[in-house]
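Below is one structure, written out as structure tokens; the observations come after it.
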């Protein structure tokens, strides 16, 4: 089993609540990235915006899957 399969398996095991929180974090990061780049959200098409958010979401999941134990601890405190 390679790393991509392990990451996908980890993501699929998460609850919808966790997935939504990751998605929200990705959206905030994408908005920040747009501000830093000096672009407005209305300058992007919906398809381009979805692509930017998807990239950010992948980065967030990668960060969580690579941090192992810290991920478990973080998710335990993150969930009510």
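The values are calculated or read from the model by the stated rules, or taken from the named source; none is laboratory data. Quick caveat, the model's predicted, so the values are computed rather than measured. Cβ sites come from the backbone with ideal geometry, for glycine too, and all protein chains shown count toward neighbours.
Per-structure values
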quantity: Residues being in a helix (DSSP H, G or I) and more than 18 Å from residue 9 (Cβ to Cβ) - total across region 26-70; calculated: 28
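Residue-by-condition table, conditions (1) at negative phi; (2) modelled with pLDDT of 85 or more:
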position	(1), (2)
20	yes, yes
28	yes, yes
38	no, yes
56	yes, yes
74	yes, no
79	yes, no
